[in-house]
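A short worksheet on the structure shown next.
Every number in this text was worked out from the coordinates using simple rules, so none of it is lab data. Just so it is clear, the structure is predicted and the values come from calculations on it, not from any experiment. When we count neighbours, we look across all protein chains shown, and the Cβ atoms used for this are built from the backbone with ideal geometry, even at glycine.
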Amino acid sequence: MNRGFLIVFEGIDGTGKSTQCRLLAESLHERHVPHISLAEPTRGTWGMKIRKLLSEGREGISPQEELSWFVNDRREDIERNIMPALQSNKVVLMDRYYFSTAAYQGALGLDPEQIRLENETFAPVPDRALIFLTSPEICLERIESSRDQKSAFEKLDYLQNVQNIFKSFTGPNIRFIDSVGSLSEVHEKVLAEIEDLFDLDLK
Ligand code: TYD
């Protein structure tokens, strides 16, 4: 392999995308494929501002301003982490990317397609965007049983709108993954959706 790939994991909270991102990293590790795992929001200056918003709520900040925070965080991530890794031929696995911005900030009344297009003016377009789908009711149950406190972004009707936007994305790099079944069953679905990118047998 002589170039890096960008594979992103997207979907509402509780779909299991973060776990699947980790399982794919393990598969790549076992096969000695150079890779890096990243996540947005990051732990940088903008990412930490966003995390405060998640725990304290959105009051006092407009959807447009919220959007700009996620975009600033991403610009920093691209410059510091994503581009250098791609340039050194690594596979970059991302837990959330600009499809999350289009879906979550789009669900606040902004135009999702416009957000996606604006991001694509500065953000490398992923080779594959895996969008995990599970019913929002199940996702909320999973979140409630695994955490003490829900974030300000985790309300049923909001998540339903977010997921509807995720479902509306089209393009040759988009793959939907029904995240029902065991972890290993869903992992197999992930491998099936990305194996054509690699010269190796990942299964
Ligand atoms: P999440 O992946 O849950 O982070 P962590 O597991 O580290 O807490 O992301 C936090 C929240 O941020 C999640 O509810 C989705 C939201 N989000 C957006 O609203 N827009 C974005 O562009 C991104 C990347 C995330």
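If you wrap the range 135-198's Cα atoms in a convex hull and average its projection over all directions, what's the area in nm²? Write down the numbers at each step before the final one.
Details: hull surface 22.4 nm².
Convex hull of Cα atoms, orientation-averaged projection: 5.6 nm².
Computed over the Cα atoms of the range 5-195, pair by distinct pair, the Kirkwood hydrodynamic radius stands at 16.9 angstrom.
Around the amide H of PHE132, modelled in the peptide plane, lie the amide H atoms of GLU10, GLY11, ILE177, all under 5 Å away and 5 or more residues distant in sequence or on another chain. For a straight C-alpha distance cut-off of 29 angstrom, the lysines reachable from LYS203 (same-chain residues fewer than eight places away being disregarded) are LYS17, LYS90, LYS167, LYS189.
Taking amide H positions as placed in the peptide plane 1.01 Å from N, state which residues far from HIS35 in sequence (5 or more) or on other chains have amide H under 5 Å from it. When sequence neighbours closer than 5 places are left aside, the close amide H contacts are VAL91. Taking the Cα atoms only, what angle lies between the long axis of helix 17-30 and the longest principal axis of the chain, rounded to 10 degrees? The two axes meet at around 20 degrees.
Applied to the range 76-88, the Karplus parametrisation 6.51 cos²θ - 1.76 cosθ + 1.60 on θ = phi - 60° returns per-residue 3J(HN,Hα) values of 5, 4, 5, 5, 7, 10, 6, 4, x, 5, 5, 5, 9 Hz, with x for Gly and Pro. In this rough spin-label picture, where each label sits 7 Å from Cα along the Cβ direction, the ASP201-ASN164 distance is 4.5 nm.
Multiply the residue gap between ASN89 and MET48 by 0.36 nm, knock off their C-alpha separation, and tell me the result in nm, one decimal place. Intermediate values should be presented prior to the final figure.
Details: separation 41, 0.36 × 41 = 14.76 nm, distance 2.87 nm.
Working it through step by step, the gained length comes to 11.9 nm.
Scalar couplings 3J(HN,Hα) for the range 106-112, obtained by applying the Karplus form with A = 6.51, B = -1.76, C = 1.60 to θ = phi - 60°, are x, 5, 8, x, 7, 7, x Hz; x denotes Gly and Pro. Dipole size of the chain about its Cα centre, with +1 on Lys/Arg Cβ and -1 on Asp/Glu Cβ: approximately 400 debye, rounded to the nearest 20.
Residue-wise HN-Hα couplings along the range 48-61, as the Karplus relation 6.51 cos²θ - 1.76 cosθ + 1.60 with θ = phi - 60° gives them from phi, are 6, 4, 5, 4, 5, 4, 5, 7, 9, x, 8, 4, x, 10 Hz; Gly and Pro carry x.
Taking the Cβ-Cβ separation of ASN72 and HIS32 as r and a Förster radius of 30 Å, what is the calculated FRET efficiency to the nearest 0.05?
Values: r = 35 Å, r/R0 = 1.18.
Plugging the Cβ-Cβ distance into 1/(1 + (r/R0)^6) gives 0.25.
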